[in-house]
Amino acid sequence: MQWVEGGVTAPQGFKASGVAAGIKRSKRDLALLVSAVPAAAAGVFTTNRVKAAPLLVTAARLEKGVAQAVVVNSGNANACNGPEGYADALAMGRAAALALNLPEELVLVSSTGVIGQRLPVEKIEAALPAAAAALDAGGHLAAAEAILTTDTVVKEAAVRFVLNGCTCTVGGMAKGSGMIHPNMATMLAFLTADVAVEVGALRRALKEAVDASFNMITVDGDTSTNDMVVVLANGQAGNPEIASGGPEYAAFAAALTAVATALAKKVARDGEGATRLIEVRVKGARTTADARLAARAIAASNLVKAAVFGRDANWGRVMAAAGYSGAVFDPERADVFLGAEQVAAGGAGLPFSEERAAAELEKDPVVITVDFGEGEGTAVAWGCDLTYDYVRINASYRT
């Protein structure tokens, strides 16, 4: 597996563009992603009970397992707008289909931004012909910029690998900085592949990838109304179609998970106001499920996040978060490490160097390891430190 440039357009047969539709001031805010042919498609969506109109449209269209394009706007979530919001989401997809000369049901719709404000769909309709005309295999960066909200950097990744003698590629782009929390309530991500794969196998691979990546990140504990991860696989690499199981499926699933994990870590690192990425490693758990529960709870703990920001080796907060996570473990067997500095053994504190611990908390990423010493279960979760700037950004998000 080799990391390559190109994001969502690195795989064969994909083009993208990003333009300014006027939803945001003087910034790109409308993205198109298009496959040369209809593609096998799958999605995973927010667990929030309140779901945005574009998400509902996309989820319904993905039931057939095929799509050819995605239209995404930023600056307005088109959430909590009632029947009018749903009509606007349909109109947005219809306008994209017209600009692309595609059947409407093959166009997926996504939005991100402020909740509860009516989508200026007329601006999107007016901008879509220019977005369609700008489609290009080199348009990945413009598209990745167009989907951002409070993000400070674009988030792209792509890998190349070989299946049955065919060179295959998986790419992706994501946005996310705030309202980030596990259980597929995280952000927007769009993955592409030129691999031929059965829809059932694609859905399974996407779920596995999301469970190991986007469901293992947190910034602030808030779960959004619009979050989705969508994958399109168009088969342009020419490999024999992959079904679930076997080495070909494993190779494809590994590539998809690698791209998803790279994007997830970029989202966590770009958390609103963050200065450092936090990587929580849990090992020795009774089960993988226990390890994931503990890792996510530690990464999500505001007390742990604040301690990392302050370079305070307050390891008791790590143990406390593991304890309320729902994971089953014996506290008297747990060891805790801050980077290379062990600070607890058997659930009790050790004499340790405050200076070395503080130095570990200065690093990026900050690595926190908990060893339960009870089994083979392992998991990794990612988060970020909690800073004064998080409050500043979110105190004036709308204004």
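The values are calculated or read from the model by the stated rules, or taken from the named source; none is laboratory data. What you see is a predicted model, and the numbers here were worked out from it, not measured in a lab. Cβ placement follows ideal geometry from the backbone for every residue including glycine, while neighbour counts extend to all protein chains displayed. Note: accessible area is taken over every heavy atom of the protein model, side chains too, but ligands, DNA and RNA are not part of it. Shrake-Rupley method; radii C 1.70, N 1.55, O 1.52, S 1.80 Å.
The number of residues in segment 29-56 being open to solvent by 40 Å² or more (accessible area, probe 1.4 Å), closer than 29 Å to residue 116 by Cβ and touching a Leu at 6+ places or on another chain (Cβ under 7 Å) comes to 1.
Conditions tested, residue by residue: (1) of a type outside the set (Gly, Ala, Ser); (2) open to solvent by less than 20 Å² (accessible area, probe 1.4 Å); (3) in contact with a Gly (Cβ under 6 Å, 6 or more places away or on another chain).
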residue	(1), (2), (3)
25	yes, no, no
58	yes, yes, no
62	yes, yes, yes
79	no, yes, no
84	yes, no, no
89	no, yes, no
92	yes, yes, no
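Number of residues in segment 315-335 that are touching a Phe, Trp or Tyr at 6+ places or on another chain (Cβ under 8 Å), surrounded by fewer than 20 Cβ atoms within 10 Å (Cβ to Cβ) and either at pLDDT below 95 or part of a helix (DSSP H, G or I) (or both): the value is 1. Pairs linking a residue in segment 38-54 that is within 15 Å of residue 209 (Cα to Cα) to a residue that is buried (at least 19 other Cβ atoms within 10 Å of the Cβ) and among the acidic types (Asp, Glu), with Cβ atoms under 8 Å and 6 or more positions apart or on different chains, are 45/227. On inspection, residue 252 qualifies as out of contact with any Ser or Thr (no Cβ under 8 Å at 6 or more places or on another chain), at pLDDT 95 or above, of a type in the set (Phe, Trp, Tyr) and surrounded by 21 or more Cβ atoms within 10 Å (Cβ to Cβ). Criterion first (in contact with a strand residue (DSSP E or B) (Cβ under 8 Å, 6 or more places away or on another chain), open to solvent by 60 Å² or more (accessible area, probe 1.4 Å) and at pLDDT below 95) does residue 397 satisfy it? Yes. Restricting segment 126-160 to residues that are part of a strand (DSSP E or B) and open to solvent by less than 20 Å² (accessible area, probe 1.4 Å), the residue that is farthest from residue 32 (Cα to Cα) is 159.
Could you say whether any residue in segment 371-393 is outside any helix (DSSP H, G or I), aliphatic (A, V, I, L, M) and more than 26 Å from residue 176 (Cα to Cα)? Within segment 371-393 (the criterion being outside any helix (DSSP H, G or I), aliphatic (A, V, I, L, M) and more than 26 Å from residue 176 (Cα to Cα)), the answer is no, since none of the residues qualifies. Selection of first residues in segment 16-30 that are modelled with pLDDT of 95 or more and of second residues that are among the acidic types (Asp, Glu) and surrounded by fewer than 22 Cβ atoms within 10 Å (Cβ to Cβ), restricted to Cβ pairs under 6 Å at least 6 apart or on distinct chains, gives the following pairs, ordered by first then second residue: 18/145; 28/145.
With open to solvent by 50 Å² or more (accessible area, probe 1.4 Å) and either part of a loop (DSSP other than H, G, I, E, B) or at pLDDT 95 or above (or both) as the only criterion, which of 312, 290 stands out?
The conditions single out 312.
For segment 197-214, the condition of being on the phi > 0 side of the Ramachandran plot and either outside any helix (DSSP H, G or I) or at pLDDT 95 or above (or both) holds for none of the residues.
Within segment 60-89, the residues that satisfy the criterion of being among the hydrophobic types (A, V, I, L, M, F, W, C) and closer than 28 Å to residue 138 by Cα are 62, 66, 67, 69, 70, 71, 72, 77, 89.
Among the conditions (1) open to solvent by less than 20 Å² (accessible area, probe 1.4 Å); (2) in contact with a helix residue (DSSP H, G or I) (Cβ under 6 Å, 6 or more places away or on another chain); (3) under 15 Å from residue 191 (Cα atoms), the only one that residue 257 does not satisfy is (1). For segment 341-364: of the residues being in a strand (DSSP E or B) and of a type outside the set (A, V, I, L, M), which is surrounded by the fewest Cβ atoms within 10 Å (Cβ to Cβ)? Of everything passing the filter in segment 341-364, 349 is surrounded by the fewest Cβ atoms within 10 Å (Cβ to Cβ). Listed conditions (1) part of a strand (DSSP E or B); (2) closer than 25 Å to residue 151 by Cβ; (3) not basic (Lys, Arg) are all met by residue 256, apart from (1).
In segment 365-393, the qualifying residues are those that are under 20 Å from the mean Cα position of the chain (by Cα) and more than 18 Å from residue 319 (Cβ to Cβ), and the one that is surrounded by the most Cβ atoms within 10 Å (Cβ to Cβ) is 384.
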